[in-house]
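Accompanying notes for the structure given below.
The values are calculated or read from the model by the stated rules, or taken from the named source; none is laboratory data. Remember, it's a predicted structure, so these values are computed and weren't measured experimentally. Neighbour counts are summed over all protein chains in view; Cβ atoms, including those assigned to glycine, are modelled from backbone coordinates with ideal geometry.
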Amino acid sequence: MQRRTNEFGQAIGTPVPDWHQAKLPDDTPLTGRYCRLEHVNVERHADELYAAYCRASDARDWTYLNVGPFDSLDAYRAYVTRIADLTDPFHYAVIDLATGKAVGTLSLMRIDAPNGVIEVGSVTYSPLLQKTRAGTEAIFLLMWHAFDTLGYRRFEWKCDSLNAPSRAAALRYGFTFEGIFRQAIVYRGRNRDTAWYSIIDSEWPAIRAAFNAWLEPANFKADGIQVRKLADLVDAQRVRTDAG
C-alpha cells in the first residue's frame with residue numbers, strides 16, 4: 001500500500017470520503033434459521049432465562065461476568081428490569097426457534113456511532129444455548145446487523161485475558177487478536193487484563209460467507225455433528241479473498 005503524507009511530509013491515514021456515522025440499535029428483532037434476537041424484556045423473557053440458567057450444575061459460567069449468579073427469580077427479574085431500559089449496552093434475549101424459549105442473552109455495547117465502532121458483550125449463554133447452532137448464529141446475527149444494517153466499520157470482542165473459552169470463541173468467529181490492555185478493569189474485587197479482538201468491514205464479506213456456509217443444514221450430519229468447522233471455513237474464505 002502506498003504511503004500517504006500531507007503537505008508537511010507527515011504520514012496520514014487512508015481517506016474515508018463517504019463516511020456517515022452508523023445507526024444506533026433499536027427494538028427490531030433479528031431472526032435467523034435457528035434463533036431470534038429480541039430486545040430483552042422482563043415480562044417476556046426473565047422467567048424463561050432464569051429457568052435456563054438454573055440448568056447449570058454450578059456457577060462457573062458467571063466467573064468472568066460482572067453480574068450473577070442470581071440466587072432467586074426475583075433477583076434476576078430485578079436485573080432484567082434494569083438492563084431492559086439501557087441503550088448502551090443494548091441487551092438482547094436469544095430465542096431458540098425450536099422451542100420458542102429464551103435461552104441466553106448478549107448485547108451490543110460501547111456504541112460509538114460517529115466512528116462506526118461497536119462491541120459484542122455480556123454474552124451469557126445457558127446450558128441450553130452453549131455449543132449449539134443457535135448460539136453461533138446469535139453472534140452472526142449481531143455481526144450482520146452491525147455491518148450490513150447499522151453501517152459500522154469495526155466490531156469488537158473483549159474479554160478477561162484469563163478467560164480461555166472466550167478467547168477461543170473469538171478466534172473461531174473470525175476475530176483478529178489485537179493485544180492485551182494491562183490492568184484495564186477491576187471487577188469482583190480482582191484485576192482484569194483485557195484481551196482485545198476485532199473484525200473490520202473489509203474482512204466482513206469473507207467472514208459472512210463462512211458463517212452462512214457453516215449454518216447451512218447441509219453442513220450437519222443426521223446426528224448433528226458438523227461437517228466443516230467454522231474456523232476452517234473462515235480461513236478458507238480469507239485465503240480466497242486474499243487470492244482474489
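Quick check on Ala195: is it modelled with pLDDT of 95 or more, in a strand (DSSP E or B) and touching a Cys at 6+ places or on another chain (Cβ under 8 Å)? Here the answer is yes, as Ala195 does meet what is asked. Pairs meeting the criteria (first residue in segment 93-114 and within 15 Å of Lys131 (Cα to Cα), second residue β-branched (Val, Ile, Thr) and not in a strand (DSSP E or B), beta carbons under 7 Å, at least 6 apart or on different chains) are Thr105/Val40. Residues that are without any contact (Cβ under 8 Å) to a residue 40 or more places away in the chain and either crowded, with 19+ Cβ neighbours inside 10 Å or touching a helix residue (DSSP H, G or I) at 6+ places or on another chain (Cβ under 8 Å) (or both) within segment 149-168 comprise Lys158, Ser161, listed in sequence order. The condition (being more than 30 Å from Ala184 (Cα to Cα) and either among the charged types (D, E, K, R) or touching a Gly at 6+ places or on another chain (Cβ under 7 Å) (or both)) is satisfied by just one residue among Arg60, Arg36, Arg82: Arg36.
Of the residues Arg238, Arg182, Arg167, the single one that is farther than 29 Å from Asp26 by Cβ, at pLDDT below 95 and of a type in the set (Lys, Arg) is Arg238.
Gly121 passes every criterion in (1) under 16 Å from His91 (Cα atoms); (2) without any contact (Cβ under 8 Å) to a residue 24 or more places away in the chain; (3) among the small types (Gly, Ala, Ser) apart from (2). Answer yes or no: is there a residue in segment 106-116 that is crowded, with 22+ Cβ neighbours inside 10 Å, over 27 Å from Ile185 (Cα atoms) and of a type in the set (A, V, I, L, M). Checked against the condition, which is being crowded, with 22+ Cβ neighbours inside 10 Å, over 27 Å from Ile185 (Cα atoms) and of a type in the set (A, V, I, L, M), segment 106-116 yields no hits at all. Checking Leu106, Leu162 one by one, the residue that is within 23 Å of Leu215 (Cα to Cα) and aliphatic (A, V, I, L, M) is Leu106 and no other. Between Asn41, Asn6, Asn66, the distinction of being exposed (fewer than 13 other Cβ atoms within 10 Å of the Cβ) and within 22 Å of the chain's Cα centre (by Cα) belongs to Asn66 only. Within segment 12-32, being out of contact with any Asp or Glu (no Cβ under 6 Å at 6 or more places or on another chain), surrounded by 12 or more Cβ atoms within 10 Å (Cβ to Cβ) and within 14 Å of Leu141 (Cβ to Cβ) holds for Pro25, Leu30, Thr31.
Could you list, in sequence order, the residues of segment 11-61 that are part of a loop (DSSP other than H, G, I, E, B) and of a type in the set (Ser, Thr, Tyr)? Residues satisfying the conditions are Thr14, Thr28, Tyr34, Ser57.
All conditions but one from (1) hydrophobic (A, V, I, L, M, F, W, C); (2) over 24 Å from Ala93 (Cα atoms); (3) part of a helix (DSSP H, G or I) apply to Ala184; the one that does not is (3).
Filtered by the rule that a residue be at pLDDT below 95 and of a type in the set (Ser, Thr, Tyr), segment 6-58 gives a lone residue, Thr14. A count restricted to segment 62-88 and to residues that are touching a helix residue (DSSP H, G or I) at 6+ places or on another chain (Cβ under 7 Å) and either outside any helix (DSSP H, G or I) or under 21 Å from Pro165 (Cβ atoms) (or both) stands at 5.
Scanning segment 184-201 for residues that are loosely packed, with under 15 Cβ neighbours inside 10 Å and either out of contact with any Ser or Thr (no Cβ under 9 Å at 6 or more places or on another chain) or touching a residue at least 60 places away in the same chain (Cβ under 8 Å) (or both) turns up Val186, Tyr187, Arg188, Gly189, Arg190, Asn191. Considering (1) in contact with a Pro (Cβ under 9 Å, 6 or more places away or on another chain); (2) surrounded by fewer than 22 Cβ atoms within 10 Å (Cβ to Cβ), the lone condition that Pro127 does not fulfil carries the number (1).
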